[in-house]
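Worksheet: the structure to be examined is printed underneath.
Derivation of every value follows stated rules applied to the coordinates shown; laboratory data play no part. Bear in mind the structure is a predicted one, so any value in this text is a computation, not a measurement. Cβ: placed from backbone, ideal geometry, glycine included. Neighbour counts: every protein chain shown.
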Ligand code: UD1
Ligand code: CA
């Protein structure tokens, strides 16, 4: 009769305070690569095909629950009201686990583990009592040291704080990732005492005790030791952030994206980038951003929750947030595109231009020093330097409509609500308060007077040099 492989349940330990972060925020909610540490661990557990995911929370429990979205509905929250150690934390999960199961025990502060490693742990555990991930580190620091026994199994895990100098010199560390049998591990936890440097119930002692009782605990070397990196300090958070970003950059480069200086570039793992796009240094692409093929993103560009088509150029120091940019558009330098800015094919937005909740039609241009808000600009329209849609009257926002092919002269104030007809023009410096029919030229400014010979008189009334305010 074929043996049935036990069910797989993830238990993520995330109740600790994380004192060394010196933070108001629970440690597992600190973000690396744009997402809370705990969210990365939950994703990995999910990818490893767990039937449910138990998350042990305590410190800042309500905040943690509120911050972690659960669209799949497979998370169960386990409360550890007092944090008495990793073993105590796992013990709280016992009422949530019925019958035989393989527990994938993870730490909410060890976010770089891959689902492949979890698969390996589960597979190796099946060939013995349990399995744990280990790494050989040159600087094992405060991590638990792992002493191997016969047949490549575990002899003992000793915490750095409890280790003898000889044990401290061991380079093999406990990554804090295990595949352990339920209910056996819960029985083992009941035997664990708190006679250690931290006065805690150590999960590592339960695993060591199983090994002492003659059970085989397989040591699974991590293929990439960075998977063992945990976050106890801000410096470690920075390292983990960089590894998550670097993994994604490596993938993008494999897929045909040019990244000129990866160590000075941030592309969050959720961001997709098309082939032959060139990314210059100091570019950040974050959130739900999608970049098409053949784009050029020059230095200092920040793009968040935006979609770019193909062959878009974004010149230096431009900021895009919630924008949608069509094929062949050009943006910047120093442009700011705020949420619901929509540039259609070939549109151009130049230097020191801000756009908000507006559609710029195909081939339209707003090249210098302008504000376009709550507007619809038709195809091929041209807005001159310094044009402002005056969309806000102090109470509410109003719309501006600019027809195709219209030409808005420099420094025109368009006092919304207002419509500029197709092919219409406004004279430079106009304040437009009434609709302009198609094809008309609107002049809304004081006519110029020239007062012959009066220039000198004006100068003589000025104060002497140096006294002007
Ligand atoms: C733990 C291991 C250590 C290993 C390291 C890997 C123990 C005793 N030590 O040490 O061998 O090298 O992880 O990163 O297990 N937690 C709770 N409740 C508690 C205490 C901790 O949920 O009462 C959670 C923490 O939130 C954290 C995880 O368990 O996510 C690990 O706890 P932490 O205190 O960081 O253990 P380490 O000292 O890093
Ligand atoms: Ca830790």
*asked:* Yes or no: region 55-69 includes at least one residue that is away from ligand 2 (no atom under 16 Å from the Cβ), farther than 11 Å from residue 14 by Cα, touching a strand residue (DSSP E or B) at 6+ places or on another chain (Cβ under 9 Å) and not in a helix (DSSP H, G or I).
replied: yes
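Do you know which residues across region 1-41 are in contact with a strand residue (DSSP E or B) (Cβ under 6 Å, 6 or more places away or on another chain) and within 13 Å of ligand 1 (Cβ to nearest atom)?
11, 12, 13, 14, 15, 26, 29, 41
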*asked:* Going through 191, 159 one at a time, which residue ends up being without any contact (Cβ under 8 Å) to a residue 40 or more places away in the chain and either farther than 25 Å from residue 229 by Cβ or within 16 Å of ligand 2 (Cβ to nearest atom) (or both)?
replied: 191
_Can you confirm whether residue 67 is more than 30 Å from residue 127 (Cβ to Cβ) and either buried (at least 23 other Cβ atoms within 10 Å of the Cβ) or under 22 Å from the mean Cα position of the chain (by Cα) (or both)?_
yes
*Of the residues 179, 175, which is within 34 Å of the chain's Cα centre (by Cα) and either assigned to a helix (DSSP H, G or I) or within 16 Å of ligand 2 (Cβ to nearest atom) (or both)?*
175
*Out of the residues in region 26-40 that are assigned to a loop (DSSP other than H, G, I, E, B) and farther than 16 Å from residue 229 by Cβ, state the one that is nearest to the chain's Cα centre (by Cα).*
34
*Out of the residues in region 226-263 that are away from ligand 2 (no atom under 16 Å from the Cβ) and more than 20 Å from the chain's Cα centre (by Cα), which is nearest to residue 152 (Cα to Cα)?*
254
*Could you say whether any residue in region 211-224 is farther than 30 Å from residue 188 by Cα, surrounded by 16 or more Cβ atoms within 10 Å (Cβ to Cβ) and within 16 Å of ligand 1 (Cβ to nearest atom)?*
no
*Applying the selection to region 190-207, what residues are over 37 Å from the mean Cα position of the chain (by Cα) and buried (at least 22 other Cβ atoms within 10 Å of the Cβ)?*
192
*Counting just the residues of region 231-286 that are surrounded by 19 or more Cβ atoms within 10 Å (Cβ to Cβ) and within 16 Å of ligand 1 (Cβ to nearest atom), which one comes out farthest from residue 327 (Cα to Cα)?*
231
_Residues to consider are 161, 228; find the one that is buried (at least 18 other Cβ atoms within 10 Å of the Cβ) and out of contact with any helix residue (DSSP H, G or I) (no Cβ under 8 Å at 6 or more places or on another chain)._
228
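How many residues does region 329-345 contain that are assigned to a loop (DSSP other than H, G, I, E, B) and crowded, with 19+ Cβ neighbours inside 10 Å?
The number of residues fulfilling the criteria is 5.
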